[in-house]
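For reference, the structure is listed below as structure tokens.
We did not get these values from a lab; they are worked out from the coordinates using the rules stated. These numbers were taken from a predicted model, which means no experiment stands behind them. Virtual Cβ from ideal backbone geometry, glycine too; neighbours counted across all protein chains shown.
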Amino acid sequence: MISAAAIAIRSAAATVRGVWGRTGAFASAGATLLVLLLVAPATSLAELNVAGHGNVRYEYDSNVFALPKGTPTPGASFGDSSITYLGGLDATYLWQGQKMILSGVADQTRYITDTDLDRTEYTAVGTLMWVLDPLINGTARLSKERHVEPAYQAIPTNQLLIESLWNALATATYRFKPFWALDVSAGVREDDLPQVGAAGGLLLREVSQHAGLNYGNPASFTGGLAVEYLNGQFSGGLLADQLSYRQWSAEMVGQHSSGDLSTFNGALGYTLRTIRLGHQRSGGITGSIGYRRKLTGKTTVHLEADRAVATYLAAAGSEVDTSATADIEWQPTVKTEVVLGYVWMHSRFSAETTPFEINVARTDRFGTAHMEINYRPRKWLLVHPYVRLLRRSSDVPLFEFTSNIAGLELTAAFP
């Protein structure tokens, strides 16, 4: 029995290394996490919980490639319908106060007209939630994804680009004195995105460090200071390893909670990004504010505003995004929930020096309205129809588009 389990464990670890496609430390960490999860249940199956779900989705998109009106699409359809089949598993193991979680989702999308767009996507995540004592705890998370880059985030083209992303993040919290807490984290991520018209793909490797000092009771009010440092390096394609950036952020943060009635969170600070090529700089005042309130027993409203400096991966540049979100949730019955919302985003792209001619100064205004219904006729079944209306205007006409999306999802969960 033990030798058979050992053989299965070695086999599973080797499989994980192969799927993740990397032989470095992060692939080994993922395999190790799987080994721990498989070995631990041998001593106590009562601590292991496994759940799965299956999903089928039908969707119609009037503008699959997010192209301007009237743009020819040789060999492809401007609008198309697709059917997606998805399956997922989640496993959670508890052992002496520690929690290990493994989850995986894989899906296949088939288009009705343009079958060249058919694709397979997946997400695999491993998480360890550790506790040393009541004052010290943290997490270690490793993930690997393969998915289609949303067309509106890429350079306009009549192709869908497959993006590969892996991420490793470790966090730790130390609570000292009555209401003080020190939070630290460090992470590494790699984002690999093919480039249309360029030789090879564009790879971004980013290392991050974060530290925060907070005071207060998380159940009612907390406030503090936070700093973050990012170091990013682009490579591949036409870049010849010339593009890299450093980014510093510092902000004051706060959060207030009134139980189930309302929550408020806010942050205000400054972000500065320096790009190595040409010593270019971008940034400014950044922050966020969010408010969620339960108006009645059936109605909840959510308001949020945000301003941040982000990476424009499609052209190896940077952008400053200012956004506002408003959602209202109405639950007329225990089985039914209706969500109405709108998201508005103003994006400013700097005219940075990069090998991509498309990386010019521009300003976009992007609005998304959505309506969703979540209906659960059975405990294990969720019916989810939705409608989304996307509109983007830009001072560079190439980036303007309109898209109407309607879909229906059926999700079955087990056990």
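Using the Cβ of residue 294 as centre and a radius below 11 Å, the other residues enclosed give a net charge of +1, where K and R count +1 and D and E count -1.
Here the 3J(HN,Hα) profile of the range 292-307, calculated from phi with Karplus coefficients 6.51, -1.76 and 1.60 at θ = phi - 60°, is 10, 9, 8, 6, 9, x, 10, 10, 10, 10, 10, 10, 8, 9, 8, 9 Hz, Gly and Pro shown as x. Annotation: lysines with alpha-carbon distance below 25 angstrom to residue 177 (same-chain offsets under eight excluded): none found.
Among 293-299, 243-249, 153-159, what's the highest-first ranking by average C-beta atoms within 10 angstrom per residue? Before the final figure, lay out the partial values.
Values: 293-299: 12.1, 243-249: 19.4, 153-159: 17.1.
So the order, starting with the most tightly packed, is 243-249, 153-159, 293-299.
Computed log10 I(q)/I(0) for the range 280-327 at 0.21, 0.24 Å⁻¹: -0.76, -0.87, from the Debye equation with unit scatterers placed on every C-alpha and solvent omitted. Legend: ranking of residues 47, 163 from fewest to most surrounding C-beta atoms inside 10 Å; resulting order 47, 163. Given their separation in residues at 0.36 nm each and the Cα-Cα distance between them, residue 412 and residue 56 gain 127.2 nm when the chain is fully extended. Residue 294: which aspartates and glutamates have alpha carbons under 13 Å from its alpha carbon, excluding same-chain residues fewer than 8 sequence positions away? Counting by Cα, and skipping residues close in sequence, residue 294 has these aspartates and glutamates nearby: 260, 327, 329. The label point for residue 336 and the one for residue 133, both projected 7 Å from the Cα toward the Cβ, are 5.5 nm apart. Between residue 83 and residue 281, residue separation times 0.36 nm minus the direct Cα-Cα distance comes to 66.9 nm.
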